[in-house]
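A quick write-up on the structure given underneath.
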Amino acid sequence: MSAPAQKKAAAETIEKHLEPDTRKAGTQARESTSAAAKEFGPHDGEGWLTGPPLKAVRKTWGESLTRLMNRLGSEKAALRAMSTLLQGTDTSVGLGVRKSSALDSF
């Protein structure tokens, strides 16, 4: 059994919980890092050395978040496609077995 219902449920969990929660957490972290970079950045001709690295961290974080969101989307799509494919395969196999049943002659 290919468990298409479980694959569908997993895809829905990604869509309803993981994607929005990850996006929200990622946005909050990016905003916090941006605020910190501004606080420690150049101010009135003087600046802290931590400002530019925080900007770099923000950029790296944003890129990582984008990759993670893309991966979640890919996994969701794969689960849905596999669920459909396996359900179709299960149905085809079931019909094939049914066609060759010896009980059909009774």
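Within a straight-line Cα-Cα reach of under 22 Å, LYS55 can be paired with the following lysines, leaving aside sequence neighbours fewer than 8 residues apart in one chain: LYS24, LYS38.
The string of couplings for the stretch 62-79 from the Karplus curve (6.51, -1.76, 1.60, θ = phi - 60°) is x, 5, 5, 4, 4, 4, 5, 5, 5, 5, 4, x, 5, 5, 4, 5, 5, 4 Hz, one whole number per residue in order, with x for Gly and Pro. Among all the lysines, which ones have a C-alpha under 18 Å from LYS8's C-alpha, if same-chain residues fewer than 8 places away are not counted? Counting by Cα, and skipping residues close in sequence, LYS8 has these lysines nearby: LYS16, LYS76.
Readers should treat all values here as calculations from the given coordinates under stated rules, not as data from a laboratory. All figures in this text were calculated on a predicted structure; none of them were measured in a lab.
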